[in-house]
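First up is the structure itself, then whatever we jot down about it.
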Amino acid sequence: MAKKTNSNSGPHCAFCGRYPGQDGVMFVPNPANDVFVCTECVEQLHFLVSQAIESEKKSVDQPVKSLDDIPRPKDICAYLDQYVIGQDSAKKFLSVAVYNHYKRLAQATDDDVDIEKSNIIMVGPTGTGKTLLAKTIARLLDVPFTIVDATVLTEAGYVGEDIESLLTRLLAVADYDVAKAERGIVFIDEIDKIARKGDNPSITRDVSGEGVQQGLLKLLEGSVVNVPPQGGRKHPEQKMIQVDTKNILFICGGAFDGIERKIAQRLNTHTVGYSNNKERSRVNRDNLLDYVAPQDLKSFGLIPEIIGRLPILTHLEPLDRDALRRVLVEPKNSIIKQYEKLFKMDGVELEFTQEALDLIVDKAIEYKLGARGLRSIVESIMIDSMFEIPSTDETKFTVTAEYALEKLKNANFETTVFK
(Lines give C-alpha, C1' and ligand atoms only; values in the text may rest on other atoms or scores of the structure.)
Protein backbone atom coordinates (compact mmCIF):
# COMPACT_ATOMS: atom_id res chain seq x y z
CA MET A 1 0.00 0.00 0.00
CA ALA A 2 1.30 3.46 -0.83
CA LYS A 3 0.17 6.99 -0.03
CA LYS A 4 0.64 10.18 -2.02
CA THR A 5 1.86 13.11 0.08
CA ASN A 6 3.06 16.65 -0.43
CA SER A 7 6.82 17.34 -0.55
CA ASN A 8 8.45 18.39 2.77
CA SER A 9 5.20 17.93 4.69
CA GLY A 10 3.20 15.11 6.21
CA PRO A 11 4.65 11.73 7.15
CA HIS A 12 8.33 10.91 6.96
CA CYS A 13 10.32 7.68 6.54
CA ALA A 14 10.76 5.71 9.76
CA PHE A 15 14.25 4.57 8.64
CA CYS A 16 15.99 7.58 7.11
CA GLY A 17 13.71 10.38 8.36
CA ARG A 18 13.42 11.95 4.92
CA TYR A 19 10.26 13.49 3.60
CA PRO A 20 8.87 12.39 0.24
CA GLY A 21 10.60 13.58 -2.93
CA GLN A 22 9.00 14.69 -6.14
CA ASP A 23 7.13 11.40 -6.57
CA GLY A 24 5.68 11.85 -3.06
CA VAL A 25 5.36 8.08 -2.50
CA MET A 26 5.47 6.58 0.99
CA PHE A 27 4.79 2.90 1.66
CA VAL A 28 2.70 1.88 4.66
CA PRO A 29 3.79 -1.63 5.77
CA ASN A 30 1.02 -1.87 8.37
CA PRO A 31 -2.08 0.36 7.97
CA ALA A 32 -2.89 -0.11 11.67
CA ASN A 33 0.31 1.75 12.63
CA ASP A 34 1.19 5.26 11.55
CA VAL A 35 4.57 4.12 10.12
CA PHE A 36 5.86 5.05 6.64
CA VAL A 37 8.83 3.84 4.53
CA CYS A 38 10.20 5.70 1.49
CA THR A 39 10.89 3.97 -1.83
CA GLU A 40 14.67 4.28 -1.49
CA CYS A 41 14.69 2.48 1.86
CA VAL A 42 12.44 -0.26 0.46
CA GLU A 43 14.90 -0.84 -2.39
CA GLN A 44 17.85 -0.84 0.01
CA LEU A 45 16.17 -3.36 2.33
CA HIS A 46 15.37 -5.60 -0.61
CA PHE A 47 19.00 -5.47 -1.75
CA LEU A 48 20.39 -6.28 1.71
CA VAL A 49 18.04 -9.24 2.19
CA SER A 50 18.90 -10.60 -1.27
CA GLN A 51 22.63 -10.30 -0.55
CA ALA A 52 22.26 -12.08 2.80
CA ILE A 53 20.33 -14.96 1.24
CA GLU A 54 22.83 -15.28 -1.64
CA SER A 55 25.82 -15.21 0.71
CA GLU A 56 24.31 -17.91 2.93
CA LYS A 57 23.57 -20.05 -0.11
CA LYS A 58 27.16 -19.73 -1.37
CA SER A 59 28.64 -20.62 2.00
CA VAL A 60 26.54 -23.81 2.01
CA ASP A 61 27.09 -24.73 -1.65
CA GLN A 62 30.85 -24.06 -1.68
CA PRO A 63 32.52 -25.87 1.21
CA VAL A 64 36.28 -26.01 1.55
CA LYS A 65 37.68 -28.72 -0.72
CA SER A 66 38.83 -31.98 0.80
CA LEU A 67 42.39 -33.24 0.47
CA ASP A 68 41.30 -35.73 -2.20
CA ASP A 69 40.16 -32.88 -4.47
CA ILE A 70 43.32 -30.82 -4.10
CA PRO A 71 45.56 -30.86 -7.22
CA ARG A 72 49.01 -32.22 -6.41
CA PRO A 73 52.13 -30.10 -7.05
CA LYS A 74 53.14 -32.24 -10.02
CA ASP A 75 49.67 -31.83 -11.53
CA ILE A 76 49.87 -28.06 -11.11
CA CYS A 77 53.35 -27.99 -12.64
CA ALA A 78 52.24 -30.17 -15.58
CA TYR A 79 49.42 -27.72 -16.28
CA LEU A 80 51.86 -24.81 -16.24
CA ASP A 81 54.12 -26.69 -18.68
CA GLN A 82 51.36 -26.50 -21.30
CA TYR A 83 51.47 -22.70 -21.37
CA VAL A 84 54.88 -21.61 -20.03
CA ILE A 85 58.20 -22.72 -21.51
CA GLY A 86 61.06 -23.43 -19.12
CA GLN A 87 61.25 -21.76 -15.68
CA ASP A 88 61.20 -25.15 -13.93
CA SER A 89 62.40 -23.72 -10.61
CA ALA A 90 59.70 -21.04 -10.47
CA LYS A 91 57.01 -23.57 -11.47
CA LYS A 92 58.08 -25.89 -8.67
CA PHE A 93 57.96 -23.12 -6.05
CA LEU A 94 54.57 -21.88 -7.28
CA SER A 95 53.08 -25.39 -7.42
CA VAL A 96 54.14 -26.17 -3.85
CA ALA A 97 52.94 -22.78 -2.55
CA VAL A 98 49.50 -23.20 -4.14
CA TYR A 99 49.24 -26.81 -2.95
CA ASN A 100 50.08 -25.81 0.61
CA HIS A 101 47.53 -23.00 0.34
CA TYR A 102 44.84 -25.57 -0.43
CA LYS A 103 45.96 -27.72 2.50
CA ARG A 104 45.75 -24.74 4.86
CA LEU A 105 42.16 -24.19 3.73
CA ALA A 106 41.32 -27.86 4.35
CA GLN A 107 42.95 -27.91 7.80
CA ALA A 108 40.61 -28.59 10.71
CA THR A 109 39.80 -25.50 12.77
CA ASP A 110 40.47 -27.33 16.05
CA ASP A 111 43.99 -28.40 15.01
CA ASP A 112 46.60 -27.28 17.54
CA VAL A 113 49.23 -26.87 14.78
CA ASP A 114 48.75 -23.59 12.96
CA ILE A 115 50.24 -23.83 9.46
CA GLU A 116 51.51 -20.43 8.34
CA LYS A 117 50.94 -19.36 4.75
CA SER A 118 53.88 -19.31 2.39
CA ASN A 119 53.75 -16.01 0.52
CA ILE A 120 56.12 -16.09 -2.45
CA ILE A 121 58.17 -13.50 -4.36
CA MET A 122 59.47 -14.06 -7.90
CA VAL A 123 62.47 -12.18 -9.32
CA GLY A 124 63.19 -12.14 -13.03
CA PRO A 125 63.83 -9.90 -16.04
CA THR A 126 60.92 -8.49 -18.02
CA GLY A 127 59.38 -10.85 -20.52
CA THR A 128 60.37 -14.08 -18.74
CA GLY A 129 56.85 -15.14 -17.74
CA LYS A 130 56.07 -13.88 -14.22
CA THR A 131 52.63 -12.52 -15.06
CA LEU A 132 51.95 -15.39 -17.45
CA LEU A 133 52.57 -17.90 -14.66
CA ALA A 134 50.07 -16.07 -12.47
CA LYS A 135 47.43 -15.89 -15.21
CA THR A 136 47.90 -19.57 -16.04
CA ILE A 137 47.42 -20.60 -12.42
CA ALA A 138 44.23 -18.52 -12.38
CA ARG A 139 42.78 -20.81 -15.07
CA LEU A 140 43.41 -23.89 -12.95
CA LEU A 141 42.25 -22.68 -9.54
CA ASP A 142 38.71 -22.55 -8.24
CA VAL A 143 39.52 -19.93 -5.60
CA PRO A 144 39.20 -16.16 -6.25
CA PHE A 145 42.31 -14.91 -8.02
CA THR A 146 43.24 -11.36 -8.97
CA ILE A 147 46.28 -9.60 -10.42
CA VAL A 148 47.06 -6.09 -9.19
CA ASP A 149 49.78 -3.61 -10.07
CA ALA A 150 51.86 -2.17 -7.24
CA THR A 151 52.86 0.91 -9.26
CA VAL A 152 49.50 2.65 -8.67
CA LEU A 153 49.56 2.22 -4.89
CA THR A 154 50.27 5.14 -2.57
CA GLU A 155 49.84 5.91 1.10
CA ALA A 156 46.35 6.85 2.22
CA GLY A 157 45.58 10.50 1.49
CA TYR A 158 47.77 10.81 -1.61
CA VAL A 159 46.94 10.64 -5.29
CA GLY A 160 46.74 7.01 -6.37
CA GLU A 161 45.04 3.92 -4.99
CA ASP A 162 44.89 2.90 -1.36
CA ILE A 163 46.51 -0.39 -0.38
CA GLU A 164 43.09 -1.80 0.52
CA SER A 165 42.18 -1.63 -3.18
CA LEU A 166 43.99 -4.97 -3.54
CA LEU A 167 41.25 -6.59 -1.50
CA THR A 168 38.54 -4.57 -3.24
CA ARG A 169 39.41 -6.30 -6.50
CA LEU A 170 39.54 -9.69 -4.80
CA LEU A 171 36.08 -9.07 -3.37
CA ALA A 172 34.78 -8.16 -6.82
CA VAL A 173 36.14 -11.42 -8.28
CA ALA A 174 34.46 -13.35 -5.44
CA ASP A 175 31.10 -11.61 -6.13
CA TYR A 176 31.48 -9.85 -2.77
CA ASP A 177 31.30 -13.14 -0.89
CA VAL A 178 33.63 -12.38 2.02
CA ALA A 179 34.11 -16.00 3.06
CA LYS A 180 35.09 -16.94 -0.49
CA ALA A 181 37.42 -13.96 -0.89
CA GLU A 182 39.22 -14.88 2.34
CA ARG A 183 40.38 -18.10 0.63
CA GLY A 184 41.70 -16.32 -2.47
CA ILE A 185 45.07 -15.58 -4.03
CA VAL A 186 46.44 -12.13 -4.93
CA PHE A 187 49.30 -11.63 -7.40
CA ILE A 188 51.06 -8.30 -6.84
CA ASP A 189 52.96 -7.37 -10.00
CA GLU A 190 55.81 -4.84 -10.23
CA ILE A 191 56.63 -5.22 -6.53
CA ASP A 192 60.10 -3.82 -7.22
CA LYS A 193 58.58 -0.43 -8.16
CA ILE A 194 57.73 0.25 -4.50
CA ALA A 195 61.34 -0.16 -3.38
CA ARG A 196 62.72 2.42 -1.00
CA LYS A 197 64.14 5.31 -2.99
CA GLY A 198 67.27 5.68 -0.84
CA ASP A 199 68.76 5.28 2.62
CA ASN A 200 69.21 9.00 3.19
CA PRO A 201 66.37 10.80 4.99
CA SER A 202 64.50 13.36 2.91
CA ILE A 203 62.13 16.23 3.59
CA THR A 204 59.70 14.66 1.12
CA ARG A 205 57.70 11.54 1.96
CA ASP A 206 58.26 8.35 0.01
CA VAL A 207 54.52 7.85 -0.47
CA SER A 208 54.79 5.30 -3.29
CA GLY A 209 57.82 3.43 -1.96
CA GLU A 210 58.56 2.59 1.66
CA GLY A 211 55.17 3.93 2.75
CA VAL A 212 53.37 1.37 0.57
CA GLN A 213 55.62 -1.42 1.86
CA GLN A 214 54.71 -0.57 5.43
CA GLY A 215 51.02 -0.56 4.51
CA LEU A 216 51.32 -4.01 2.90
CA LEU A 217 52.72 -5.56 6.09
CA LYS A 218 49.34 -6.07 7.75
CA LEU A 219 47.89 -7.61 4.58
CA LEU A 220 50.76 -10.07 4.10
CA GLU A 221 50.94 -11.07 7.76
CA GLY A 222 47.21 -11.62 8.20
CA SER A 223 44.82 -9.23 9.88
CA VAL A 224 41.25 -7.96 9.70
CA VAL A 225 41.12 -5.06 7.23
CA ASN A 226 38.27 -2.65 6.55
CA VAL A 227 37.79 -2.73 2.78
CA PRO A 228 35.71 -0.19 0.83
CA PRO A 229 33.71 -2.32 -1.68
CA GLN A 230 33.63 0.44 -4.33
CA GLY A 231 36.99 2.10 -3.68
CA GLY A 232 37.54 4.42 -0.74
CA ARG A 233 38.20 7.77 -2.43
CA LYS A 234 35.29 8.01 -4.86
CA HIS A 235 32.70 6.80 -2.36
CA PRO A 236 33.82 7.89 1.13
CA GLU A 237 30.34 7.45 2.60
CA GLN A 238 30.05 3.71 1.84
CA LYS A 239 29.96 1.02 4.50
CA MET A 240 33.23 -0.88 4.98
CA ILE A 241 33.51 -4.65 4.64
CA GLN A 242 35.78 -6.50 7.07
CA VAL A 243 38.10 -9.02 5.40
CA ASP A 244 40.51 -11.32 7.26
CA THR A 245 43.71 -11.76 5.21
CA LYS A 246 45.01 -14.68 7.29
CA ASN A 247 44.16 -17.25 4.59
CA ILE A 248 44.81 -15.07 1.52
CA LEU A 249 47.93 -16.17 -0.35
CA PHE A 250 50.06 -13.35 -1.79
CA ILE A 251 52.37 -13.94 -4.76
CA CYS A 252 54.64 -11.05 -5.69
CA GLY A 253 56.67 -10.55 -8.85
CA GLY A 254 59.11 -7.95 -10.09
CA ALA A 255 61.94 -7.42 -12.59
CA PHE A 256 64.29 -5.86 -10.00
CA ASP A 257 66.32 -4.27 -12.76
CA GLY A 258 69.91 -3.89 -11.60
CA ILE A 259 69.74 -6.38 -8.75
CA GLU A 260 72.52 -8.35 -10.46
CA ARG A 261 74.94 -5.63 -9.34
CA LYS A 262 73.82 -6.12 -5.74
CA ILE A 263 74.35 -9.87 -6.07
CA ALA A 264 77.80 -9.40 -7.63
CA GLN A 265 78.85 -7.06 -4.83
CA ARG A 266 77.78 -9.60 -2.22
CA LEU A 267 79.53 -12.50 -3.96
CA ASN A 268 82.74 -10.49 -4.28
CA THR A 269 82.79 -9.69 -0.56
CA HIS A 270 85.28 -12.15 0.87
CA THR A 271 88.13 -12.40 3.33
CA VAL A 272 91.68 -13.10 2.29
CA GLY A 273 92.30 -16.78 1.74
CA TYR A 274 92.77 -19.42 -0.91
CA SER A 275 89.54 -21.30 -0.15
CA ASN A 276 87.41 -18.21 -0.63
CA ASN A 277 88.97 -17.47 -4.02
CA LYS A 278 88.28 -21.07 -5.00
CA GLU A 279 84.62 -20.78 -4.06
CA ARG A 280 84.31 -17.48 -5.91
CA SER A 281 85.60 -19.05 -9.12
CA ARG A 282 82.62 -21.42 -9.16
CA VAL A 283 80.10 -18.58 -9.54
CA ASN A 284 78.23 -18.56 -12.85
CA ARG A 285 78.48 -14.91 -13.79
CA ASP A 286 76.30 -15.35 -16.88
CA ASN A 287 73.21 -15.67 -14.67
CA LEU A 288 73.69 -14.08 -11.27
CA LEU A 289 69.98 -14.44 -10.46
CA ASP A 290 70.73 -18.06 -9.55
CA TYR A 291 72.33 -16.67 -6.36
CA VAL A 292 69.62 -14.15 -5.39
CA ALA A 293 69.07 -14.02 -1.63
CA PRO A 294 66.89 -12.00 0.78
CA GLN A 295 69.77 -9.66 1.59
CA ASP A 296 69.90 -8.68 -2.10
CA LEU A 297 66.25 -7.63 -1.94
CA LYS A 298 67.07 -5.55 1.13
CA SER A 299 69.96 -3.88 -0.71
CA PHE A 300 67.60 -3.16 -3.62
CA GLY A 301 65.17 -1.29 -1.38
CA LEU A 302 62.67 -3.69 0.20
CA ILE A 303 62.34 -3.25 3.95
CA PRO A 304 63.30 -6.26 6.13
CA GLU A 305 59.77 -6.56 7.53
CA ILE A 306 58.21 -7.19 4.12
CA ILE A 307 61.00 -9.60 3.11
CA GLY A 308 60.25 -11.64 6.24
CA ARG A 309 56.60 -11.90 5.21
CA LEU A 310 57.61 -13.25 1.78
CA PRO A 311 59.53 -16.34 2.96
CA ILE A 312 59.70 -18.15 -0.40
CA LEU A 313 62.08 -16.52 -2.89
CA THR A 314 62.50 -17.85 -6.43
CA HIS A 315 63.80 -16.49 -9.70
CA LEU A 316 63.07 -16.80 -13.40
CA GLU A 317 65.80 -17.52 -15.90
CA PRO A 318 66.49 -15.12 -18.78
CA LEU A 319 65.18 -16.66 -22.00
CA ASP A 320 67.87 -17.78 -24.44
CA ARG A 321 67.38 -18.26 -28.16
CA ASP A 322 66.09 -21.84 -27.91
CA ALA A 323 63.59 -20.90 -25.22
CA LEU A 324 62.28 -17.94 -27.23
CA ARG A 325 61.92 -20.19 -30.27
CA ARG A 326 59.83 -22.63 -28.24
CA VAL A 327 57.77 -19.80 -26.73
CA LEU A 328 56.89 -18.70 -30.25
CA VAL A 329 55.29 -21.97 -31.35
CA GLU A 330 54.89 -24.59 -28.58
CA PRO A 331 52.47 -23.34 -25.87
CA LYS A 332 48.73 -23.88 -26.30
CA ASN A 333 48.22 -20.14 -26.64
CA SER A 334 51.48 -19.36 -28.44
CA ILE A 335 51.71 -16.24 -30.56
CA ILE A 336 51.88 -18.14 -33.86
CA LYS A 337 48.84 -20.26 -32.94
CA GLN A 338 46.90 -17.10 -32.12
CA TYR A 339 47.57 -15.60 -35.55
CA GLU A 340 46.80 -18.93 -37.23
CA LYS A 341 43.43 -18.92 -35.47
CA LEU A 342 42.73 -15.33 -36.57
CA PHE A 343 43.41 -16.19 -40.21
CA LYS A 344 41.47 -19.45 -39.97
CA MET A 345 38.38 -17.51 -38.93
CA ASP A 346 38.63 -15.78 -42.34
CA GLY A 347 39.06 -19.12 -44.10
CA VAL A 348 42.80 -18.60 -44.71
CA GLU A 349 45.53 -21.08 -43.81
CA LEU A 350 48.52 -19.23 -42.34
CA GLU A 351 52.01 -20.69 -42.43
CA PHE A 352 55.39 -19.40 -41.21
CA THR A 353 58.62 -20.75 -42.68
CA GLN A 354 61.37 -21.85 -40.30
CA GLU A 355 63.56 -19.02 -41.55
CA ALA A 356 60.86 -16.47 -40.73
CA LEU A 357 60.53 -17.82 -37.20
CA ASP A 358 64.29 -17.65 -36.74
CA LEU A 359 64.28 -14.02 -37.91
CA ILE A 360 61.58 -13.09 -35.38
CA VAL A 361 63.56 -14.70 -32.56
CA ASP A 362 66.78 -13.00 -33.65
CA LYS A 363 65.09 -9.59 -33.59
CA ALA A 364 63.72 -10.22 -30.09
CA ILE A 365 67.21 -11.10 -28.88
CA GLU A 366 68.75 -8.12 -30.67
CA TYR A 367 66.46 -5.65 -28.94
CA LYS A 368 66.42 -7.60 -25.62
CA LEU A 369 62.63 -7.63 -25.56
CA GLY A 370 62.12 -11.07 -24.07
CA ALA A 371 59.01 -13.14 -24.79
CA ARG A 372 56.77 -10.09 -24.56
CA GLY A 373 58.58 -8.48 -27.50
CA LEU A 374 57.80 -11.39 -29.81
CA ARG A 375 54.21 -10.17 -30.10
CA SER A 376 55.17 -6.66 -31.18
CA ILE A 377 57.53 -8.03 -33.84
CA VAL A 378 54.95 -10.45 -35.28
CA GLU A 379 52.32 -7.71 -35.23
CA SER A 380 54.58 -5.42 -37.26
CA ILE A 381 55.08 -8.19 -39.80
CA MET A 382 51.43 -9.21 -40.08
CA ILE A 383 49.61 -5.86 -39.98
CA ASP A 384 49.50 -5.39 -43.78
CA SER A 385 48.36 -8.95 -44.51
CA MET A 386 45.68 -8.78 -41.79
CA PHE A 387 44.42 -5.59 -43.44
CA GLU A 388 44.37 -6.85 -47.03
CA ILE A 389 43.70 -10.61 -47.03
CA PRO A 390 40.15 -10.58 -45.54
CA SER A 391 39.07 -8.65 -48.67
CA THR A 392 40.60 -11.20 -51.08
CA ASP A 393 39.82 -14.77 -52.12
CA GLU A 394 43.12 -16.21 -50.90
CA THR A 395 42.93 -19.48 -48.96
CA LYS A 396 46.59 -19.79 -47.95
CA PHE A 397 49.25 -17.29 -46.94
CA THR A 398 52.90 -18.08 -46.24
CA VAL A 399 55.21 -15.75 -44.30
CA THR A 400 58.81 -16.04 -45.49
CA ALA A 401 61.95 -14.52 -44.02
CA GLU A 402 62.19 -12.09 -46.94
CA TYR A 403 58.60 -10.95 -46.44
CA ALA A 404 59.11 -10.53 -42.68
CA LEU A 405 62.32 -8.51 -43.12
CA GLU A 406 60.70 -6.26 -45.72
CA LYS A 407 57.73 -5.51 -43.47
CA LEU A 408 59.99 -4.72 -40.51
CA LYS A 409 61.95 -2.27 -42.64
CA ASN A 410 58.79 -0.65 -44.03
CA ALA A 411 57.47 -0.21 -40.49
CA ASN A 412 60.77 1.42 -39.46
CA PHE A 413 60.92 -1.17 -36.72
CA GLU A 414 64.69 -1.15 -36.51
CA THR A 415 64.89 2.63 -36.07
CA THR A 416 61.87 3.36 -33.87
CA VAL A 417 61.30 0.46 -31.49
CA PHE A 418 62.98 0.56 -28.09
CA LYS A 419 65.88 2.72 -29.22
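The values are calculated or read from the model by the stated rules, or taken from the named source; none is laboratory data. Everything quoted here is computed from the prediction, not taken from an experiment. Here the Cβ is made from the backbone with ideal geometry for all residues, glycine too, and neighbour counts use every protein chain on show. Note: areas computed on protein heavy atoms with side chains; ligands, DNA, RNA excluded. Shrake-Rupley method; radii C 1.70, N 1.55, O 1.52, S 1.80 Å.
Could you check segment 357-400 and list, in sequence order, the residues that are over 18 Å from Lys344 (Cβ atoms) and basic (Lys, Arg)? Selection gives Lys363, Lys368, Arg372, Arg375. Here Lys368 qualifies as open to solvent by 60 Å² or more (accessible area, probe 1.4 Å) and closer than 21 Å to Gly129 by Cβ. Each residue in segment 87-130 was checked for being in contact with a strand residue (DSSP E or B) (Cβ under 6 Å, 6 or more places away or on another chain) and closer than 23 Å to Gly301 by Cα, and 9 pass. So which residues in segment 310-339 are open to solvent by 70 Å² or more (accessible area, probe 1.4 Å) and among the charged types (D, E, K, R)? Asp320, Arg321, Asp322, Arg326, Glu330, Lys332, Lys337 - these are the residues of segment 310-339 that are open to solvent by 70 Å² or more (accessible area, probe 1.4 Å) and among the charged types (D, E, K, R). For Glu317, state whether it is acidic (Asp, Glu) and assigned to a helix (DSSP H, G or I). No: the conditions fail for Glu317. Of the strands (runs of 3 or more DSSP E) contained entirely in segment 129-238, those carrying at least 1 residues that are modelled with pLDDT of 85 or more, open to solvent by less than 60 Å² (accessible area, probe 1.4 Å) and among the hydroxyl-bearing types (Ser, Thr, Tyr) fall at 145-149. Within segment 94-122, the only residue that satisfies the criterion of being within 24 Å of the chain's Cα centre (by Cα) and among the acidic types (Asp, Glu) is Glu116.
Here Arg375 passes the criteria (1) open to solvent by 20 Å² or more (accessible area, probe 1.4 Å); (2) touching a residue at least 40 places away in the same chain (Cβ under 8 Å); (3) touching a helix residue (DSSP H, G or I) at 6+ places or on another chain (Cβ under 6 Å); (4) more than 13 Å from Tyr339 (Cβ to Cβ) except the one numbered (4). Scanning segment 295-308 for residues that are buried (at least 20 other Cβ atoms within 10 Å of the Cβ) and touching a helix residue (DSSP H, G or I) at 6+ places or on another chain (Cβ under 7 Å) returns Asp296, Leu297, Phe300, Leu302, Ile306. Restricted to segment 64-123, and to residues there that are basic (Lys, Arg) and in a loop (DSSP other than H, G, I, E, B), the residue that is most open to solvent (accessible area, probe 1.4 Å) is Arg72.
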